[in-house]
Amino acid sequence: EERVIARTRLQEDLAADMEKRHHFQEKTLPLIFLGIGAVLLLLNAFVLTPMLGDVLSLPMSVGESVGALIVYVILFAIQLPCLFIGILVISKLFGSAFGELFSALKKLAALALLAGQFDVMVDLGFDIMLGGLGFLAFWLKMALSFGVFWGLSKQMFDELEPTETIVLWIAMLFLPGFILLGVLFLLG
């Protein structure tokens, strides 16, 4: 009888721990990531973009920083649906499930804002400090981008397989460019 009581307590404690983790992962962590992503967005628009302008001897006004902010917000607005497309592809190809739609969208928004703005920050940082470095910089940027995306996505969706993470990263980083090129091709 004591063993049954001890097992029951252990199971209840494990269930309580899982519930706390689930609550943190579903509700708190996306808000933290959204906040950090918003700070990076402002840092990119109002600090790093003007610094790049100084390096290139192109003094920037506040209006141009606001324009950069608008561009970064539009980038986020494009990356979010691309990540959603990535989730749909993963669901179809691998049979993965991502929980409730609202919760998954909140996680995708946090991932798009934080990982997307980290990519922008890395691009700006390389351009400011190293003048781009050409082909070598591309591979360093991709490695940094993927490493951060991998870590963030594992925190948001702990059930993701490596292949699924790669599909999501490609959807966020490269799909917007293909969409914009397609739109430009149709308009031009």
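The values are calculated or read from the model by the stated rules, or taken from the named source; none is laboratory data. Keep in mind that what you see is a predicted model, and the values were worked out from it rather than measured. Note: ideal-geometry Cβ built from the backbone for every residue, glycine included; neighbour counts use all protein chains shown. The accessibility values were calculated without ligands, DNA or RNA, using every heavy atom of the protein model including side chains. Shrake-Rupley method; radii C 1.70, N 1.55, O 1.52, S 1.80 Å.
Checking every residue in the stretch 139-148 against the condition of being aromatic (Phe, Trp, Tyr) and within 25 Å of LEU69 (Cβ to Cβ) gives zero matches.
The rows are residues; the columns are (1) surrounded by 16 or more Cβ atoms within 10 Å (Cβ to Cβ); (2) at pLDDT below 90; (3) not hydroxyl-bearing (Ser, Thr, Tyr).
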| position | (1), (2), (3) |
| --- | --- |
| ASP158 | no, yes, yes |
| THR165 | yes, no, no |
| TRP169 | yes, no, yes |
| ILE179 | no, yes, yes |
| LEU187 | no, yes, yes |
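The residue list ALA97, ALA77 contains one member that is surrounded by fewer than 16 Cβ atoms within 10 Å (Cβ to Cβ) and over 20 Å from PRO176 (Cβ atoms), which is ALA97.
So, in the stretch 58-72, exactly how many residues are open to solvent by less than 70 Å² (accessible area, probe 1.4 Å) and not small (Gly, Ala, Ser)? Summing the residues that are open to solvent by less than 70 Å² (accessible area, probe 1.4 Å) and not small (Gly, Ala, Ser) in the stretch 58-72 gives 4.
Of everything in the stretch 149-169, what is touching a residue at least 40 places away in the same chain (Cβ under 8 Å), of a type in the set (Val, Ile, Thr) and within 12 Å of LEU83 (Cα to Cα)? Give them in sequence order. Within the stretch 149-169, VAL167 is the sole residue that qualifies.
Determine which single condition ALA16 fails, assuming it passes every other condition in (1) modelled with pLDDT under 90; (2) open to solvent by less than 30 Å² (accessible area, probe 1.4 Å); (3) of a type in the set (Gly, Ala, Ser). Every condition holds for ALA16 apart from (2). For the stretch 121-131, the criterion of a residue being open to solvent by 80 Å² or more (accessible area, probe 1.4 Å) and part of a helix (DSSP H, G or I) is satisfied by at least one position.
Looking only at the stretch 35-57, decide whether some residue is open to solvent by 50 Å² or more (accessible area, probe 1.4 Å) and closer than 22 Å to PHE157 by Cα.
We begin by selecting, within the stretch 35-57, every residue open to solvent by 50 Å² or more (accessible area, probe 1.4 Å); these are 36, 39, 42-43, 46-47, 51, 54-57.
Next, only the ones that are closer than 22 Å to PHE157 by Cα stay: 36.
Looking for residues that are open to solvent by 50 Å² or more (accessible area, probe 1.4 Å) and closer than 22 Å to PHE157 by Cα, one finds at least one in the stretch 35-57, hence yes.
Say whether the condition of being in a helix (DSSP H, G or I) and under 19 Å from LEU173 (Cα atoms) is met by at least one residue in the stretch 92-104. It would help to see each step written out before you state the result.
Here is the first cut: in the stretch 92-104, the ones in a helix (DSSP H, G or I) are 92-94, 101-104.
In the following step, the residues that additionally are under 19 Å from LEU173 (Cα atoms) were identified as 104.
So far as the stretch 92-104 goes, yes, one or more of its residues are in a helix (DSSP H, G or I) and under 19 Å from LEU173 (Cα atoms).
Filtered by the rule that a residue be of a type in the set (Gly, Ala, Ser) and outside any helix (DSSP H, G or I), the stretch 154-188 gives a lone residue, GLY188. Condition (residue is more than 30 Å from LEU58 (Cβ to Cβ), modelled with pLDDT under 90, open to solvent by 20 Å² or more (accessible area, probe 1.4 Å) and more than 11 Å from the chain's Cα centre (by Cα)) applied to the stretch 102-119: is it met by at least one residue? Yes: the stretch 102-119 contains one or more residues that are more than 30 Å from LEU58 (Cβ to Cβ), modelled with pLDDT under 90, open to solvent by 20 Å² or more (accessible area, probe 1.4 Å) and more than 11 Å from the chain's Cα centre (by Cα). Return a yes/no flag: does the stretch 137-145 have any residue that is in a helix (DSSP H, G or I), over 30 Å from LEU58 (Cα atoms) and among the aromatic types (Phe, Trp, Tyr). For the stretch 137-145, residues in a helix (DSSP H, G or I), over 30 Å from LEU58 (Cα atoms) and among the aromatic types (Phe, Trp, Tyr): absent.
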